[in-house]
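I have a structure here, written as structure tokens, and I will follow up with some questions on it.
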Amino acid sequence: STLQNFINAIPKAELHLHIEGSFEPELLFEIAARNSVSLKYKSVKELHKAYNFNNLQEFLDLYYEGANVLLHEQDFFDLTYAYLQKCHVENVVHTEIFFDPQTHTQRGIGFSTVVGGIQKAVDKAKNELGITTRLLPNFLRHLSEDEAIKTFKEALEFRKLFAGFGLDSSEIGHPPAKFERVFRMVRDEGFPVVAHAGEEGPAQNVWDALNLLKVARIDHGVRSVEDVLLLKELALKQIPLTVCPLSNLKLKVVKKMKDLPLKTLLENNILVTINSDDPAYFGGYVNENYIAVAEAFRLTRKDVITLAENSFKASFLSKEEKEEWI
Ligand code: ADE
Ligand code: ZN
């Protein structure tokens, strides 16, 4: 349709993307073969069939398993550049990429191997495709806070490469309060912080991410609609939410796309953005996420423009860089 063409054509930013979640089965098999890593799945098709999740944890189990085939700098480069080429095709002109250092360092892969490969792809995409990128390492919340502190100290060796830090993985059982100390250390070093909250966990986790971790943005945050006072706070402070529609559907955060509280968030003047989260696993990149909500909520061109403008407003681009796009 013409709205689909409009979505494809308009410049957009992506603010919630896990690079390990952009690992397409074809590339996964290719890298596994060249690294002589054996997989539980016999074929791309068989792996693809396993992409049926009842909750966040079932997805995470497969996502961490997939990441195990990444061994060398070249692997991280290939993974990242494949995603950035996808951005180019979809007219995503700016992207803020999450990665999980601990998923790799825990397997004995050097921090420098991971960031070296990612950064080389980022530089190439800037030079050849004109895409701007920010990198945000995320701490795995199912691991201890001491592990996060250790990871942060390693990250400081590469501090100039990072725009901020985040918190991801299993929300249930690992609330924001568990990471208060490390987030204070990160902020004291001058970095903005973000956290996944209110995805599977309750609205209280969003309050705690704001008050205890002092985040600049909330990743997901859809369960904020369960608390009217929280909606008021998010609107008043213009704290962005990086919403991921196809992710929420695939992980059964919502039963149907129409259950996603997008209209409620927009009507409450919240700075909502649309993102892909883990596109290889959830069936779509940024444009597919826009199209899914456009269909479910009968969005107009004006709504699409608002969402795309929000993506730049909510980004970590400088004021001058934002002005190119808004
Ligand atoms: N890691 C990758 N995707 C995630 C998600 N949607 N929630 C929490 N952790 C994640
Ligand atoms: Zn996420």
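Going residue by residue through the stretch 133-146, is there one that turns out to be of a type in the set (Phe, Trp, Tyr) and within 21 Å of Val69 (Cβ to Cβ)?
No, because not a single residue in the stretch 133-146 is of a type in the set (Phe, Trp, Tyr) and within 21 Å of Val69 (Cβ to Cβ).
Oh, and also: Pairs needed: first member in the stretch 140-164, among the small types (Gly, Ala, Ser); second member anywhere, part of a helix (DSSP H, G or I) and surrounded by 15 or more Cβ atoms within 10 Å (Cβ to Cβ); C-beta distance under 6 Å; at least 6 residues apart or different chains.
Ala148/Val182
If I filter the stretch 300-311 for residues that are aliphatic (A, V, I, L, M) and assigned to a loop (DSSP other than H, G, I, E, B), do I get at least one hit?
No.
Take the residues in the stretch 150-164 that are closer than 18 Å to Thr132 by Cα and touching a strand residue (DSSP E or B) at 6+ places or on another chain (Cβ under 9 Å), then tell me which one is surrounded by the most Cβ atoms within 10 Å (Cβ to Cβ).
Gly164
Go through the stretch 34-63 and give me each residue that's in contact (Cβ under 8 Å) with a residue 40 or more places away in the chain, among the hydroxyl-bearing types (Ser, Thr, Tyr) and closer than 24 Å to Phe111 by Cβ.
Hit for the stretch 34-63 is Tyr63, nothing else.
Here's something else I'd like to know. In this structure, does Thr133 turn out to be more than 16 Å from ligand 2 (Cβ to nearest atom), in contact with a His (Cβ under 9 Å, 6 or more places away or on another chain), within 27 Å of Phe312 (Cβ to Cβ) and hydroxyl-bearing (Ser, Thr, Tyr)?
yes
For the stretch 271-284, indicate whether the set of residues that are within 23 Å of Leu231 (Cβ to Cβ) and away from ligand 1 (no atom under 15 Å from the Cβ) is non-empty.
Yes.
Which residues, taken from the stretch 283-299, are part of a helix (DSSP H, G or I), touching a Lys or Arg at 6+ places or on another chain (Cβ under 8 Å) and hydrophobic (A, V, I, L, M, F, W, C)?
Val286, Ala296 - these are the residues of the stretch 283-299 that are part of a helix (DSSP H, G or I), touching a Lys or Arg at 6+ places or on another chain (Cβ under 8 Å) and hydrophobic (A, V, I, L, M, F, W, C).
Restricting to the stretch 15-49, count the residues that are closer than 15 Å to Phe282 by Cα and either within 16 Å of ligand 1 (Cβ to nearest atom) or crowded, with 18+ Cβ neighbours inside 10 Å (or both).
Adding up the residues that qualify gives 11.
Now for a separate question. Out of curiosity, is Ser22 of a type in the set (Gly, Ala, Ser) and more than 16 Å from the chain's Cα centre (by Cα)?
It is false that Ser22 is of a type in the set (Gly, Ala, Ser) and more than 16 Å from the chain's Cα centre (by Cα).
Can you tell me which residue is surrounded by the most Cβ atoms within 10 Å (Cβ to Cβ) among those in the stretch 165-196 that are away from ligand 2 (no atom under 16 Å from the Cβ) and closer than 19 Å to Pro240 by Cα?
The qualifying residue surrounded by the most Cβ atoms within 10 Å (Cβ to Cβ) is Phe183.
Let me ask something additional. Quick check on the stretch 64-101: of everything there that is surrounded by fewer than 22 Cβ atoms within 10 Å (Cβ to Cβ) and of a type in the set (S, T, N, Q), which residue is farthest from Asn275 (Cα to Cα)?
Gln74
Among the residues of the stretch 185-207, what is the count of those that are more than 16 Å from ligand 1 (Cβ to nearest atom) and either over 20 Å from the mean Cα position of the chain (by Cα) or not aliphatic (A, V, I, L, M) (or both)?
Adding up the residues that qualify gives 9.
Given the residues Leu156, Leu210, which is the only one that is within 19 Å of the chain's Cα centre (by Cα) and modelled with pLDDT of 95 or more?
Leu210
The values are calculated or read from the model by the stated rules, or taken from the named source; none is laboratory data. Note that the structure is a prediction, hence the values are computed from the model and not measured. Backbone-built Cβ (ideal geometry, glycine too); neighbour counts: all protein chains shown.
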